Every structure is written in C-alpha cells, then in structure tokens.
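What follows is a set of notes on a single structure, which appears directly below.
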Amino acid sequence: MEAKKVADIATSTGEILLSNGAEAYRVEETIRKICSSYGFNSECISTSTGIYISISDKNGEFVTSVKRINQRRVDLYRVELINSFSRELAENPLSYEEAKKRLNEIYNAPNFSLGVRLLASGLTAFVYTLFFNGSVLDALVSLVISFGIYLLLEYTSKIGSFQLLEYFLSGFIIGAASLGTGMLFPEINKDNVITGAIIVLLPGVALTNGIKDLLYGDYVSGFAKFGEAMLIIVAMGVGIVTALSIFMKWF
C-alpha cells in the first residue's frame, strides 16, 4: 500500500481517538502501530487540538499529514472500537478501501439517545447528592436541575457558543435554582443540591487524561487538557458564586 494511503488511514484513526477523549500517548501509539502494520516507519505528535504524522516510504521520501481537531467530546465507546480496529490491523492488515469503510462505520456509530443521556445525568446527580449526605428531597431537586443543565449544554453546543460561557451560565443556573428552591422549601439544603448538580459538569475525563499525559511526558497536551479542565471548573464556580451573590441579597 502507498504511504499516502497509510497516512490517510492513520490520520483518520487519530482524529477519531483525539476528538472522542483519548490521551495523547494513546493516539501516538495507535498511529505508530497502524503504520507499522503496513511496514512503514512513522513519527507522530499529538496535541489537544491537532495531529502531526510523518511517514517514510521505502525510497526514503516522507509523507506528512496534519489534522486539526476542532470539536472534542468524551465517547469511550468509539475509543474502544478504534483500539479493536488497530489490534485487528496488526494481525491482518486490511486494504485501503476496507480500512476506510471500517473507520467510517466507527465515526458514524450511533450515540446514546438524548433521553438515555438525560436519565444518566439525572441519576448521577441524584446518587452523588445522597452520597454527600443529602436528603432524598435534595437529590430530587439536583436531578431536575441536572436535566435543565444538560439540555442547555446540548443545545448551546450545537450553535457553536463560547464553551466557558456555557459553563458559566450552567453554574449560574445551578446557584440560582438551588437558592430559589431552598427559599421556597426550607427543608432543602442548597449546598447539597449544588454539590449533586455540579457533578454532571465536572470534566473528570479531561482532568484525568491531562494528568496521565503529564506522567507520560506529553507536557504540551497534558498542560493543555489540565488547563482546560481547570478553566471549566473556575467558570462553573464563578457562575455559582455570582448567582448566590446576586440572589441572596433579595431573599
């Protein structure tokens, strides 16, 4: 197979991995394994926003591929599918057409429905509220708030709004809603409600991957992911504090 086609397969594989929450070292290792499966030596650099691949062919000429990653999310199911795909290539290299077909199938793999994701976010908020000594009533309020927050993020992300603004507004809504329900129903503890509702927004995967990349020596990607996670946490915190500061004066 030509080096250009191998570079195309490797780039598509890395794009799926990086855009779905994979660590930088995993992306680089997978790309090297794919190129090696077809008998090519390669060098790869993965950052949080792009992939750079260089493959040397049998004539000593280099084929370079660069891919910018604009949208990122967490979908570990697709990451697992790519891991299985790369292991399959190591044992039985596919033709270019078959490999691209498999990658397109993985790229277009169905997501969980909105209802299932809403249910998961609500149950997460419910359970964590109880875990942090909240009452069942606190947990129910957190569940309802998490529904609204998830829908907000779902629809604002589609219009391409500023990410930190999304999390600031989410934190603001959490703070305002928890304070309002606490004033209407004194038996509700606003602190427990905030703790449960905010769990859905915490960037746990990005934070963990950033630390793992730092431990593996991928400092650029590690600091970028770690910094992104910290900025999200700060934006949520500022939103909550802003809401509490404004509305506590009224009540």
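Let's see if you can work this out: charge +1 on each Lys and Arg Cβ, -1 on each Asp and Glu Cβ, no other charges. What is the dipole magnitude of region 107-208 about its Cα centre, in debye to the nearest 20?
Roughly 200 debye for region 107-208.
At most 11 other Cβ atoms within 10 Å and a DSSP loop assignment: could you name the trypsin sites (Lys or Arg not before Pro) in region 71-128 that fit?
Qualifying residues, ordered by number: Arg73.
Roll a 1.4 Å probe over the protein heavy atoms and report the accessible area of Glu154 in Å², nearest 10.
The accessible area of Glu154 comes to roughly 40 Å².
For region 74-185, build the convex hull from the C-alpha positions and give me its volume per residue in Å³.
140
Based on DSSP H runs of at least 4 residues, each adding -39500 (n - 2.57), what is the mean residue ellipticity at 222 nm of the chain after dividing by all its residues, to the nearest 500 deg cm²/dmol?
Working: 10 runs with 172 residues, N = 251.
Here the helix-only value at 222 nm equals -23000 deg cm²/dmol.
For region 114-250, treating each Cα as an identical point scatterer without solvent, what Debye log10 I(q)/I(0) comes out at q = 0.09, 0.17 1/Å?
Here the Debye-derived log intensity ratios amount to -0.29, -0.91.
For the chain, what is the accessible area per residue in Å² when the probe is 1.4 Å? Could you put the intermediate results ahead of the total?
Values: 13480 Å² over 251 residues.
Accessible area per residue, the chain: 54 Å².
Using Cα positions and a limit of under 16 Å, work out the aspartates and glutamates in reach of Lys190, with same-chain residues fewer than 8 apart set aside.
Those aspartates and glutamates meeting the cut-off are Asp138.
Based on the Cβ-Cβ distance of Tyr52 and Phe162, what FRET efficiency does E = 1/(1 + (r/R0)^6) give at R0 = 22 Å, to the nearest 0.05?
Efficiency, rounded to the nearest 0.05: 0.20.
Report, in debye and to the nearest 20, how large the dipole of region 1-108 comes out about its Cα centre when Lys and Arg carry +1 and Asp and Glu carry -1 on their Cβ. List each step's numbers first, then the result.
Details: 15 positive and 16 negative charges, 50 e Å.
That gives a dipole near 240 debye.
Between rounded, prolate and oblate, where does region 3-107 land on the alpha carbon gyration tensor, with a ≥ b ≥ c its root eigenvalues, rounded for a/c under 1.5, else prolate if a/b exceeds b/c?
Because a/c hits 1.5 or more and a/b fails to exceed b/c, region 3-107 counts as oblate.
Using 27 Å as the Cα-Cα cut-off, could you pick out the over-long pairs in Lys4/Lys101; Lys58/Lys225; Lys67/Lys225; Lys58/Lys100; Lys100/Lys212; Lys33/Lys225?
Too far apart for the 27 Å limit: Lys58/Lys225; Lys100/Lys212.
When the dipole is taken about the Cα centre of the chain, and only Lys, Arg (+1) and Asp, Glu (-1) are charged at their Cβ, what size is it in debye, to the nearest 20?
My answer is approximately 300 debye.
Please turn the phi angles of region 4-11 into ³J(HN,Hα) values with the Karplus equation 6.51 cos²θ - 1.76 cosθ + 1.60 (θ = phi - 60°), one per residue in order, whole Hz, x for glycine and proline.
Per residue, the Karplus-derived 3J(HN,Hα) values read 5, 5, 5, 4, 5, 4, 5, 5 Hz.
The values are calculated or read from the model by the stated rules, or taken from the named source; none is laboratory data. The structure presented is a predicted model; accordingly, all values stated were derived computationally and were not measured. Glycine also receives a Cβ, built like all others from the backbone with ideal geometry; neighbour counts cover every protein chain displayed. SASA here: full protein model, heavy atoms, side chains in, ligands and nucleic acids out. Shrake-Rupley method; radii C 1.70, N 1.55, O 1.52, S 1.80 Å.
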